[in-house]
Amino acid sequence: MDGDGIDVWRGSSPDGKIDAIICTVDLREKDSEIKILIGCTPEEKKLILAFHNRWDMSGILVQRLTSNSHSPQKNSTSARLLPCQRKLASRGR
């Protein structure tokens with residue numbers, strides 16, 4: 001919470017949908033933030049997540065599943081879920 005407002009990443013997708021956020025923790029700055037991703041392609045989301053997972057910073061990508069989505073994909077984000085979070089996610093909560 002650096003007090004500088006909301007951080008937004010704007011991607012190249014023309015739809016401009018907000019379908020993901022990145023939650024970050026910065027140990028050096030001793031703060032945490034939420035970054036809103038607007039209109040980002042899957043590749044852009046990977047690049048943004050990689051940017052927030054370096055040095056003393058760590059982030060997780062949280063994506064909204066759309067009605068036309070198939071089963072959630074296994075990726076580095078789902079591997080970081082705690083056992084209780086995986087259990088809730090498998091129940092659809």
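The values are calculated or read from the model by the stated rules, or taken from the named source; none is laboratory data. All values reported here derive from a predicted model rather than from experimental measurement. As a convention, Cβ positions derive from the backbone with ideal geometry for all residues, glycine included, and neighbour counts pool all protein chains shown.
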Answer residue from segment 1-12, given it is at pLDDT below 95 and surrounded by 10 or more Cβ atoms within 10 Å (Cβ to Cβ) and is farthest from residue 45 (Cα to Cα) among those: 2
Just the residues that are at negative phi and among the charged types (D, E, K, R), please, taken from segment 11-42. 15, 17, 19, 26, 28, 29, 31, 33, 35
